[in-house]
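I have placed the structure first, in the form of structure tokens, so that the comments after it can refer back to it.
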Amino acid sequence: MATLIRILGIDPGLQHTGWGIIESDGHRIKYIASGVCHSKAEHPMPDRLLAIQTLLSEAITRHQPVEAAMEETFVNKNAMSSLKLGHARGALMLTVALAGLPLAEYAATVVKKTVTGKGRAEKEQVQGMLQYVLPGTKITNPDEADALAVALCHAYHLPVRKLRAL
């Protein structure tokens with residue numbers, strides 16, 4: 001019998017960070033919780049990062065995941081946007097590390113291919129597969145959906161990652 005593992009998925013963003021938590025026993029996937037951490041653009045950067053860290057930390061404390069996965073980001077044409085997103089990713093990684101969770105990263109194309117079978121799938125296709133795999137789940141935000149997709153991707157890749165670690 002496979003071990004039940006609770007996984008946190010993160011879709012990083014400075015203004016909107018999606019998070020989603022699922023449970024997997026290797027065959028069955030169950031939705032636990034999800035949400036979005038918001039920060040206000042008019043606030044100073046340190047306050048925005050603290051808001052993201054606080055909200056994600058609260059979700060981790062409340063739902064007790066044992067694994068975490070985050071979507072990798074690509075470099076934007078706008079260097080300032082990339083730098084700001086890098087700040088958010090750093091705050092998120094630190095939050096995960098302080099919680100003692102191992103963190104895996106997946107490219108967006110890997111997440112989409114794992115969830116839908118197509119690396120260039122549209123957001124609607126990803127959300128459709130999430131509704132199929134996690135029936136009854138009410139996904140209200142695209143960032144939340146992306147985070148659940150990252151968690152699902154990690155659930156599917158976790159057995160292979162654990163074998164490679166041996």
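General observations
- For the stretch 33-61, a residue qualifies if it is among the hydrophobic types (A, V, I, L, M, F, W, C) and closer than 17 Å to GLY86 by Cα, and the qualifying residues are CYS37, ALA41, MET45, LEU49, LEU50, ALA51, ILE52, LEU56.
- Here ALA147 clears all of (1) small (Gly, Ala, Ser); (2) at positive phi; (3) in contact (Cβ under 8 Å) with a residue 24 or more places away in the chain except the condition numbered (2).
- Residue in the stretch 12-25 that is part of a strand (DSSP E or B), modelled with pLDDT of 95 or more, surrounded by fewer than 21 Cβ atoms within 10 Å (Cβ to Cβ) and among the aliphatic types (A, V, I, L, M) present: no
- Within the option set GLU72, GLU105, GLU67, GLU124, being within 12 Å of the chain's Cα centre (by Cα) and at pLDDT below 95 holds for one residue only, GLU72.
- Residues satisfying the stated conditions in the stretch 16-39, i.e. under 20 Å from ALA88 (Cα atoms) and in contact (Cβ under 8 Å) with a residue 24 or more places away in the chain: HIS16, THR17, GLY18, TRP19, GLY20, ILE21, SER34, GLY35, VAL36, SER39
- Only listed residue being surrounded by fewer than 16 Cβ atoms within 10 Å (Cβ to Cβ), touching a residue at least 12 places away in the same chain (Cβ under 8 Å) and of a type outside the set (Gly, Ala, Ser), chosen from GLN64, GLN53: GLN64
- If you filter the stretch 138-156 down to residues that are under 16 Å from GLN125 (Cβ atoms) and of a type outside the set (Gly, Ala, Ser), you find that the one that is modelled with the lowest pLDDT is ILE139.
- Of the residues in the stretch 82-99, none is within 15 Å of ALA155 (Cα to Cα), surrounded by 14 or more Cβ atoms within 10 Å (Cβ to Cβ) and either under 15 Å from the mean Cα position of the chain (by Cα) or among the hydrophobic types (A, V, I, L, M, F, W, C) (or both).
- Candidates ALA68, ALA33, ALA41 - the one that is of a type in the set (Gly, Ala, Ser), farther than 17 Å from ALA104 by Cβ and in a strand (DSSP E or B): ALA33
- Selection count where residues are within 18 Å of PRO142 (Cβ to Cβ) and of a type in the set (A, V, I, L, M, F, W, C), scope the stretch 66-106: 6
The values are calculated or read from the model by the stated rules, or taken from the named source; none is laboratory data. Owing to the predicted nature of the structure, the values given are computational and were not obtained by experimental measurement. Because the Cβ atoms are built from the backbone with ideal geometry, glycine has one as well, and the counts that use them run over all protein chains shown.
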